[in-house]
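First comes the structure, then the notes that go with it.
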Amino acid sequence: MIDFYNAFISYRHAPLDIKIAEHIQKQLEHFHVPHKLKGEIKHDRITRIFRDKDELPITSDLTETITNALENSEYLIVICSTNTKESMWVKREIQTFLKTHTKDQIFTVLCDGEPQDVIPEELLTGEKEIVDAFGCTHRINVPVEPLSCDYRMPKSRADKEELPRLAAGILGCSYDELQRRRRQYKMRRAAAVVAAAFAGVMAFGGYMLYSRIEINKAYIESLRARSVYLANESRQLLEDGKRADSIQLALAALPADKKDKTPETAQAIRAITDATGAYTTNHGLDIKPAWNFKCKYDVKSTVTSDDLSYLGALDSSGNIYCWDTTTTALVFEKASFEEPVRIDMPNVETFVITYAHKIEAYNIPSGKLMWTYKPDTTTSFMKDHIQFTVSDVFANIGDSKIVQFSLRDGTVRETYAFKQDSILNGVFNPAVSPDGKKIAYSDDNMVFDGSDSTTIHIYNTETKKDITHKIKTKYMEDLVFIDNDTLCAVSTMDFVNTSVSYSLAYDELKPGTKTFTFYRINEDKHWSQDLVYTDVSMGVGVKALPSRNAVLCYVGNAVAVFDLTNGNELNRYTTSSSVITAGDFNKDGLPEFILRHGEYVAARSTTANNLASFNVLCNNITSGAIGNVIYAVSRYSTDIISYNRTIQDDEWKAVKAPSGFSTGSTAQVFDSNEEYLVTASIISSDDKSYIRVSVIDLNSGKLSYTEDLKDTNASLTNFDMDYIDGKFYLLTENDTYLIDPDKDKITPSNLELEFGTMRSNGKLFFCESDYTSDELTVNICNYDGSDKDDLTIPDIEESYVGYTNFNAFYMKNMNKAFLFIVDTLYAVDMKSMDYEEVDLPDNWDFANIRNFYVTSSDDGSRVFFTDGNTVIVTDGSLKELFTININGGTTECAVFRNDRIYIVGNGYLYAYDSNTGDLVNKCEMKYFTKGYETKAWFDEKENHLYIQAEPVLYIFDLDSMYELACIESVYCYHKATDRFYCFSYLGSSEVIPGYIKHYSVKDLIEKAKGLIGDTPLDDATKSKYGL
C-alpha cells in the first residue's frame, strides 16, 4: 500500500472534469523543477498524484481505498465545474480530507463557470477566531477563496501560467520564485537548444562543406584527367599532321576563361606549345605539319595553283572546296548534285570543274561562276579528256574532235576534227604543248588487231600538218609534253599483269614494266627507256628538270633521271614504297618525292644514286603536291595535310645587327652570363678556316661586338667556350682566348694546348707519360695558364696509352678534381694536391671512359659519379651512400636539389631520394642531345627544372614530373628579360641569332586562337572527344 501522495485529485466523473483531471495529473507528475530550487524546497519533484480513475483497484471496498489515499495525500486538488456541487463523492472526499488536514491544503481548479458557482461551499468559508470587546474568543465562519487554477483559458496558456500555482503549493515555494526560476531554466534550455542547433547546423554545414570540397576535388580531378587526355590526343593529332585539330584540342585542354575550373596541366601546356610552334626556329630542311584542311567526306582528289597559294579538293560525296593556303581560309565551297569527273586550277584565278557533260569555271577567290561549256555531242568527259594551256582549254568531245576555248570566258576558238581509221575511231590520250600549238594523241589506247603497235599523231595547229609515229605497245597509257618540242609516250606490253591500285581499298602487287619513249619533234628523233617496278603503281610521272636538261620518270617504286637530248641514264633509284608525286622545288635538278608509306625523300647528288629520307609525313598516302609547301592525303582521310619546309615562331626576332650579319656557321660554341652572350663560329673560306667571335648584349638584344680571328687554326677538335669566374674563355685546338665583352677585347693566352687536354670548370688537365715507367704526371692549370701544378701518380697498373684512358672533372665548390686514369678514380685536393683513390664497383665500365660524368650538390655534401650505366652517390668524404643502375641507356647528367637528385638517362628524367637512393618519380623526355656539356638550374617560384644540353633546352614541371618544353637551337635563357636566345638558319649552314619571349599560358592561348581564327572544330571531332 502506498503511504504517500503529493496530491489527491477529486472530481466528478463528467467528460470535462475527467479531461481536466487527466491533464492536471499528467502535467504535475511531469512538472520540471528547476535544478537551482532543489534543496531549497520541501520536495525536489512531484512524484505521485492520486486520481481515482487510475488508482482505485477493481474491488468493492472503494471507500477504504479512497479514504487511505486521502489520509496519505499531502494536498487535495478539487476539479471545479458546474457539475461539482452535484457530486456526493467530491463532498465526502473533501470532508474526509479535512479530518486530517486543513483547508490551506486544498487547491481548486476551475473548468468552467464562476468561482462562487462551482467551488464547493465547504471551501468558500472558513473558521476564524476573533476576540470581542469583552476579551472573549469566538469562532466564526468567514468567506475564503481557496488557491485556484484557472483552466477556463486555453490549455497551453493555463499550463504556462496557472499550473505552476499548483506546483508551487505542492513543492512549498512561492509562485513568483518558481516562475522566475522556470524562466531562467527555459532561457538556459533555449540557449542550449540554440547552441545545439547551431552546433548541428555548423556540423551539418561542415559536413556539407567537406562534401562540397570533396565533390569539388573530385570534379577538379576529373577536369584534370580530361585535360591530360585531350592534351595527349592533341599531341597525337599533331604527330598525325592534323595541326588545326591539334590546336583546337590543346585549347580545350586549358581553361576557356576565368570561370572555367579546368587546371592548367603540364600536359596541356606542352600540347599547346607544340601545336602553336612556340619557340621554333628555322632548322633548314625541317618539314613539319602546318595545317590540315578538312573536307566533309573522304578526299577523292586534290589540286593546287602553280604557286600553291590556293588548294582545291573534291570529296567522295561530290563536294568541292577551295582554300587560301596563306590564311587557311575556305574561300568557297560548292555542293554538287552531279559528281565531278575532275577538278583543275590552271591559274591562280580560275577553278575548273569538269562533269560528265559540261565544264564550269569559277573565279578564285570569290567563287562566282565565270562560264559554262556544254558540247553539242553526247560524249561523256573522262579525266584525260581535258588539257590546259596558259590561256585556253582543250576538250576531247568525242567523234574524233577536240575543241579549243578561252579559259577566261569560255568562248570557243577552234574545233579540230581528226580523221581516224582506228578500230575505236577516237582520239585517245590527248596532250597539248604548253604553247598550245601542238596536239598529240594516239589512235587507240589498247591494241585489238593482233599487232604490237599503235600510231601516235602530233598535229601542228598552225601548219595543220600531222606527224605520225608507230610505237610498239599493247597499251598506250599516257602522252605528256615535256616542253613545246618534246613529247613523252608511256606504254606497256603487259597491261593485264601490271601492278595497279584498283581502288582506295585494294592494291594488286605484281612486277611491271613501263616504257618511256621521248620524241624530239624538231630534231625528228626519239629514244626509249624502261622502268621495272615491284610496288603498286600509283600513277605514272614525267617531269622536266630544266637545270640539268633532263627528265624525271617514275612509276611504282622505280625512278630514273634521263638526259633529255639522248636518253642516257643519269640516275636510277629504287624507293622504299611507291612514288605518289615528285617535284624540283629548288630548281637544282635534284628531285624530291612523296612516297605512299609517308616517306619524304630527296636526291642529294646528281652523280650518286642515293636518297635522303625524312619520315615525317602521314602514312598510306594516295595523293600529294610538292612546292614551297608540301601536301599529302592519307587513304580514307577527310584531311589534306600541309607541311612547311621551314617552321619558325613568328615572334622570333633577330638581334639588331648590320644588314647581312650572321654569327657564322652551325659549327659554333657559346656561353653567357647575365649581360652578354658570346658565340664563336668556324667560318670556312676558300683558302683557310677561321673563327668569328660575336658578342650580343642580352638586355638590348643588339650585337655589341664582332671580330674574326683570321690567324686561328679553326677545328672542331678542342673547340669550346666557358664562362668562368666572370670571364669568357674561347678554347681552340692549340690556344685559349680571354674575351672581355665590356672592353670589346679578345686576348690570346699564348698557352699551347696539347692533344688530349681535358677541360672542366676553368681547369685544364693534361697527362704526361713516357710510356716506360709506372709514373704518370698530370699537368693542371687555369684556362689562362695561371696557377700551374703538376700531380705525379705512381704505380699505374698498366702503361698509360693516352686520350682514351683519361678523363677529368673539377668541382669548384669542393675545390677537388676527380681523375679517371686507366682503371682508377683519383680524388685530388686542389689546395694541397693530395689525392686518394675512390672505391668503385667491380662492374665499373672503364672501357668507355669518355662516358664518365661527375657532379656534386652545391654544398658538396653529395657527390655523383657514373660510368654511363652505374651511378654512385657518396657523401662529402667520398663514402658511398648508395648505387643506382640506369639500365638500357647512358646517364648524361645529374643535378641536386634539397633531398632530390634528378638524373637524365635512357630517355628519361629520373627523380631519386638523395639520402636513400629510392626512385621517387620519372618522366619521359622528347630526346636528349648527347655529348654536350650540360647546365641545370631551378625556377623556385614555378617549381621548374631547366636543363640545357647545348643547343637544346628542356623545361620540366617538377610538380607533375612532365616535360613542358623542348627548345632547340637555343643559346641561353636570359632571366632579366625573360627571353630565350635562339639561332635560325639562313642557309644550309649559316645562322643568325635572335630571341623569343618566354610565353605565359595566356600568351600561348592567344597565339593558338590567332592561328585557328574562326575555323570551327568539326562535329565529328567534337563528338569523338566529347566537346
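The values are calculated or read from the model by the stated rules, or taken from the named source; none is laboratory data. From a predicted model like this one, the values you see are computed outputs, not experimental measurements. Glycine gets a Cβ as well: all are built from the backbone with ideal geometry, and neighbour counts include every protein chain shown.
Report every pair of residues separated by at least 6 positions or lying on different chains whose Cβ atoms are under 6 Å apart, first residue within the stretch 75-97 and of a type in the set (Phe, Trp, Tyr), second in a strand (DSSP E or B) and crowded, with 21+ Cβ neighbours inside 10 Å.
Pairs that qualify, where the first residue is of a type in the set (Phe, Trp, Tyr) and the partner is in a strand (DSSP E or B) and crowded, with 21+ Cβ neighbours inside 10 Å, are Tyr75/Ala7; Phe97/Leu76.
Does Leu171 count as out of contact with any Pro (no Cβ under 7 Å at 6 or more places or on another chain) and touching a residue at least 24 places away in the same chain (Cβ under 8 Å)?
The answer is yes for Leu171.
Identify, please: which residue in the stretch 16-54 is among the hydrophobic types (A, V, I, L, M, F, W, C) and in a helix (DSSP H, G or I) and is, among those, nearest to Thr82 (Cα to Cα)?
For the stretch 16-54, the residue satisfying everything is Leu16.
Between Phe980, Phe956, which is buried (at least 19 other Cβ atoms within 10 Å of the Cβ) and either closer than 30 Å to Phe852 by Cβ or touching an Asp or Glu at 6+ places or on another chain (Cβ under 9 Å) (or both)?
Only one candidate qualifies: Phe956.
If you scan the stretch 504-527, which residues turn out to be in a strand (DSSP E or B) and either surrounded by 14 or more Cβ atoms within 10 Å (Cβ to Cβ) or at pLDDT 95 or above (or both)?
Of everything in the stretch 504-527, those that are in a strand (DSSP E or B) and either surrounded by 14 or more Cβ atoms within 10 Å (Cβ to Cβ) or at pLDDT 95 or above (or both) turn out to be Asp507, Gly512, Thr513, Lys514, Thr515, Phe516, Thr517, Phe518, Tyr519, Arg520, His526, Trp527.
Would you confirm, using the coordinates I've provided, whether Pro146 is in contact with an Asp or Glu (Cβ under 9 Å, 6 or more places away or on another chain) and either farther than 25 Å from His32 by Cβ or buried (at least 16 other Cβ atoms within 10 Å of the Cβ) (or both)?
yes
If you scan the stretch 1004-1027, which residues turn out to be surrounded by 15 or more Cβ atoms within 10 Å (Cβ to Cβ) and of a type outside the set (Ser, Thr, Tyr)?
Listed by number, the residues that qualify are Leu1004, Ile1005, Lys1007, Ala1008, Leu1011, Ile1012, Leu1017, Asp1018.
Restricting to the stretch 981-1027, count the residues that are of a type in the set (Val, Ile, Thr) and within 14 Å of Ile269 (Cα to Cα).
Of the residues in the stretch 981-1027, 2 are of a type in the set (Val, Ile, Thr) and within 14 Å of Ile269 (Cα to Cα).
May I ask you to verify whether Asp829 is touching a residue at least 24 places away in the same chain (Cβ under 8 Å), closer than 23 Å to Leu776 by Cβ and surrounded by fewer than 16 Cβ atoms within 10 Å (Cβ to Cβ)?
no
Give the number of residues within the stretch 1011-1027 that are in a loop (DSSP other than H, G, I, E, B) and not polar (S, T, N, Q).
7
Listed residues Asn869, Asn898, Asn885; which is among the polar types (S, T, N, Q), at positive phi and either out of contact with any helix residue (DSSP H, G or I) (no Cβ under 6 Å at 6 or more places or on another chain) or surrounded by fewer than 19 Cβ atoms within 10 Å (Cβ to Cβ) (or both)?
On inspection, the qualifying residue turns out to be Asn898.
Here is a list: Ala244, Ala225. Which entry is modelled with pLDDT of 90 or more and out of contact with any helix residue (DSSP H, G or I) (no Cβ under 8 Å at 6 or more places or on another chain)?
Result of the check over Ala244, Ala225: Ala225.
Going through Lys300, Lys217, Lys261 one at a time, which residue ends up being part of a loop (DSSP other than H, G, I, E, B) and modelled with pLDDT under 95?
After applying the criteria, what remains is Lys261.
Which fully enclosed strands (runs of 3 or more DSSP E) of the stretch 552-671 have 1 or more residues being closer than 30 Å to Arg979 by Cα and hydroxyl-bearing (Ser, Thr, Tyr)?
Once the strands (runs of 3 or more DSSP E) in the stretch 552-671 are filtered for at least 1 residues that are closer than 30 Å to Arg979 by Cα and hydroxyl-bearing (Ser, Thr, Tyr), what remains is 639-644.
Residues checked against (1) hydroxyl-bearing (Ser, Thr, Tyr); (2) without any contact (Cβ under 8 Å) to a residue 60 or more places away in the chain; (3) within 16 Å of Leu709 (Cα to Cα); (4) touching a helix residue (DSSP H, G or I) at 6+ places or on another chain (Cβ under 7 Å):
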residue: Gly660; (1), (2), (3), (4): no, yes, no, no
residue: Ala667; (1), (2), (3), (4): no, no, yes, no
residue: Ser672; (1), (2), (3), (4): yes, no, no, no
residue: Leu677; (1), (2), (3), (4): no, no, no, no
residue: Ile682; (1), (2), (3), (4): no, yes, yes, no
residue: Ser689; (1), (2), (3), (4): yes, yes, yes, no
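Which of the residues belonging to the stretch 310-351 are surrounded by fewer than 19 Cβ atoms within 10 Å (Cβ to Cβ), small (Gly, Ala, Ser) and closer than 17 Å to Pro365 by Cα?
Selection gives Ala329, Ala335.
Determine which member of the set Arg604, Arg635 is surrounded by 15 or more Cβ atoms within 10 Å (Cβ to Cβ) and among the basic types (Lys, Arg).
Arg635
Restricting the search to the stretch 351-362, which residues are over 41 Å from the mean Cα position of the chain (by Cα) and either under 14 Å from Ile320 (Cα atoms) or not in a loop (DSSP other than H, G, I, E, B) (or both)?
Val352, Ile353, Thr354, Tyr355, Ile359, Glu360, Ala361, Tyr362
For Asn848, state whether it is at pLDDT below 90, touching a Gly at 6+ places or on another chain (Cβ under 8 Å) and not small (Gly, Ala, Ser).
Yes, satisfied.
When you look at Arg212, is it under 30 Å from Ile49 (Cβ atoms) and not assigned by TED's automatic domain parsing to the domain that holds Glu22, yes or no?
The answer is no for Arg212.
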